[in-house]
1. Just one of 109, 104 is out of contact with any Asp or Glu (no Cβ under 7 Å at 6 or more places or on another chain), modelled with pLDDT of 90 or more, more than 16 Å from residue 50 (Cβ to Cβ) and among the hydroxyl-bearing types (Ser, Thr, Tyr); which is it?
2. Quick one: which of 260, 271 is in contact with a Lys or Arg (Cβ under 9 Å, 6 or more places away or on another chain), at negative phi and of a type in the set (Asp, Glu)?
3. From the list 73, 53, exactly one residue is at pLDDT below 90 and aliphatic (A, V, I, L, M). Which is it?
4. Pull up the stretch 269-309, narrow it to residues that are free of Cβ contacts under 8 Å to residues at least 40 places away in the same chain and of a type in the set (Gly, Ala, Ser), then point me to the one that is farthest from residue 180 (Cα to Cα).
5. Pull up the stretch 108-144, narrow it to residues that are aromatic (Phe, Trp, Tyr) and under 21 Å from residue 298 (Cβ atoms), then point me to the one that is nearest to the chain's Cα centre (by Cα).
6. Name the one entry in 181, 194, 173 that is surrounded by fewer than 10 Cβ atoms within 10 Å (Cβ to Cβ) and at pLDDT below 85.
7. If you go through the stretch 265-300 one residue at a time, how many are closer than 21 Å to residue 142 by Cβ, basic (Lys, Arg) and surrounded by fewer than 18 Cβ atoms within 10 Å (Cβ to Cβ)?
Amino acid sequence: MTVNRMARRFAIALAVGLVVSVSRVSSQDALTRAKDLYASAAYDEALAVLDQLQLNPASTDAAEVGEYRAFCLLALGRRDEGRRAIEAVVESNPLFLPSEQQTSPRLRSVFRDVRRQLLPKIVRQSYAEAKAAFDSKDLSAAATGFDLVLVLLNDPDWTNSPEATDLRMLATGFRDLSKLGTTKTQATTVPGNGAAASAAEPPTVVTEPRRTYGPSDTSVTPPVVVSQTMPPWRPSQLSGTRRDYQGALAVVIDESGNVESVTLLAGVGPEYNALLLKAAKEWKFRPAMKDGVPVRYRKVIGVHLSPSS
């Protein structure tokens, strides 16, 4: 027993040493090694590598590191720590879900159970942050924040409630107001009489900004995809491993069916995000229609990358 314990400690120390020696092993290589250790049921060793990776989350996929830390803890019978690790992943990226190809149904069930419990809190917090941005006149941030609230309210793990109905209505209204507010108004000088008119502030006529419709506008026929080419991706653009990746974009489609603007709601990786944003600006749609007239429309588009994509 003592020999086995010493051997395990040596293996853990060796695993940690592989991460600390950054000149020899990159963080992506360390994550791959941790996943291999996890797959071979060497949970202690995998956890040691992941703990070190977590100290430098910017160097790799923080969500995936957290995911595998949680699964190692659960496999070691450290249930409470494992659920707290899942909570940390969900709070940092509420749209993240484990890969169906690389995660057992039991672990996915645990992850989604924790996520389901956290979503109401995250939605309320996201709404409060978006409303604070709206109140401080940061309308672009507010629109993005309210879009995220609406994405989460439509999530399969969300359980509908009277609170959800109210939040959906409020988030939709404030989102539309935020988008309207970002449209610049035009001012026209009205001629006056004599010196009194020249001394006074010139009156203005404010034109009504174009309205941006969305999924809550049931009288509007949504835009239809004509061309929506996704940029090719390689695992090296993301975390260096092959698994599912999920993200979301908010796009504004103008009356001609062109993408007027695009906002990244949830990214899948810095390098691929840049390619995705560039590609989205070239997407084409048949425009949304209201009473037979093309209208401006804002919609959220999910992004799903898998090894078969």
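1. It is 109.
2. Details: 271 fails: in contact with a Lys or Arg (Cβ under 9 Å, 6 or more places away or on another chain).
Step by step, each of 260, 271 is checked, and only 260 is in contact with a Lys or Arg (Cβ under 9 Å, 6 or more places away or on another chain), at negative phi and of a type in the set (Asp, Glu).
3. Values: 73 fails: at pLDDT below 90.
Just one listed residue meets the conditions, 53.
4. Checking each candidate, the answer is 308.
5. Taking the candidates together, the pick is 127.
6. On inspection, the qualifying residue turns out to be 194.
7. The qualifying residues number 1.
The values are calculated or read from the model by the stated rules, or taken from the named source; none is laboratory data. Since the model is a prediction, treat every value here as computed from it, not as a measurement. Here the Cβ is made from the backbone with ideal geometry for all residues, glycine too, and neighbour counts use every protein chain on show.
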